[in-house]
Amino acid sequence: MIAIIDYDAGNLKSVEKALQSIGEDPVITRDEKTILSADKVILPGVGSFGNAMKAIRDYGLDGVIRRVAEQGTPFLGICLGLQLLFERSQESPGVEGLGILKGEILRLPETEGLKIPHMGWNTLSLSGNGRLFAGLPKEPSVYFVHSYYLKAADESIVRATAWHGATIHASVEQGNLFACQFHPEKSGSVGLAILRNFAALKKED
């Protein structure tokens, strides 16, 4: 069973429908026991970093997410869900992220000819044999909607980058933790392939 964490941050249903389309039976929940017993866990999200961290803490989900990470359950952060795994964001100064991974979220720079938010299809450059991208072409196109981007402290965890006025760390992988700045649930056949790869992962011992 794949648990989709509900903290009032949008795009839950689109993730649910994408998983259902590949034969999975996901559950949208904020119940601690359900999340901790799930085979895989997804933290989706759209919205602001500060509001999202407040909701996660108000619902007592910060400790639950850390326990999922510690127990080796495959965990996928999507869009805002990626950003929350890191330490801080320029969007919400003074607000601490979950800090499970090291790095910060920066505002996309104003660049002539490029719009912010970065909204639409962009090409990924893959590196490091990321498990989410197994079987995909070297430069797949995926769908982004964001104004802030990840700069990971340890670039060895980065499995895909994209460019939109800056080099975006678009996907990371560390042990059982996976995260994508783009939306696999909105990225057509490529996105569904990424979700299939995630669904096929096994819990780490």
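The values are calculated or read from the model by the stated rules, or taken from the named source; none is laboratory data. These figures come from a predicted structure and were not determined experimentally. Note: ideal-geometry Cβ built from the backbone for every residue, glycine included; neighbour counts use all protein chains shown. In case anyone asks, the SASA skips ligands and DNA or RNA and just uses the protein heavy atoms, side chains included. Shrake-Rupley method; radii C 1.70, N 1.55, O 1.52, S 1.80 Å.
Odds and ends about this structure:
- Close contacts from the range 50-70, counting a first residue that is more than 16 Å from residue 100 (Cα to Cα) and a second that is not β-branched (Val, Ile, Thr) and not in a helix (DSSP H, G or I), with Cβ to Cβ under 6 Å and a gap of 6+ residues or different chains, come to 50/92; 55/7; 55/8; 59/7; 59/30.
- Members of the range 70-84 found to be part of a helix (DSSP H, G or I) and either under 16 Å from residue 182 (Cα atoms) or open to solvent by less than 10 Å² (accessible area, probe 1.4 Å) (or both), listed by number: 80, 81, 82, 83, 84
Residues are listed down the side, and each one gets a yes or a no for (1) open to solvent by 50 Å² or more (accessible area, probe 1.4 Å); (2) part of a strand (DSSP E or B); (3) among the acidic types (Asp, Glu); (4) touching a helix residue (DSSP H, G or I) at 6+ places or on another chain (Cβ under 6 Å):
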{"position": "62", "(1), (2), (3), (4)": "no, no, yes, yes"}
{"position": "68", "(1), (2), (3), (4)": "no, no, no, no"}
{"position": "86", "(1), (2), (3), (4)": "no, no, no, no"}
{"position": "91", "(1), (2), (3), (4)": "yes, no, yes, yes"}
{"position": "105", "(1), (2), (3), (4)": "no, yes, no, yes"}
{"position": "113", "(1), (2), (3), (4)": "yes, no, no, no"}
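- For the range 78-124, residues that are within 14 Å of residue 65 (Cβ to Cβ) and in contact (Cβ under 8 Å) with a residue 40 or more places away in the chain total 13.
- Of all the residues in the range 150-205, those that are of a type in the set (D, E, K, R), part of a helix (DSSP H, G or I) and open to solvent by less than 70 Å² (accessible area, probe 1.4 Å) number 1.
- Single residue of 128, 99, 135 found to be in contact with a Lys or Arg (Cβ under 8 Å, 6 or more places away or on another chain) and part of a loop (DSSP other than H, G, I, E, B): 128
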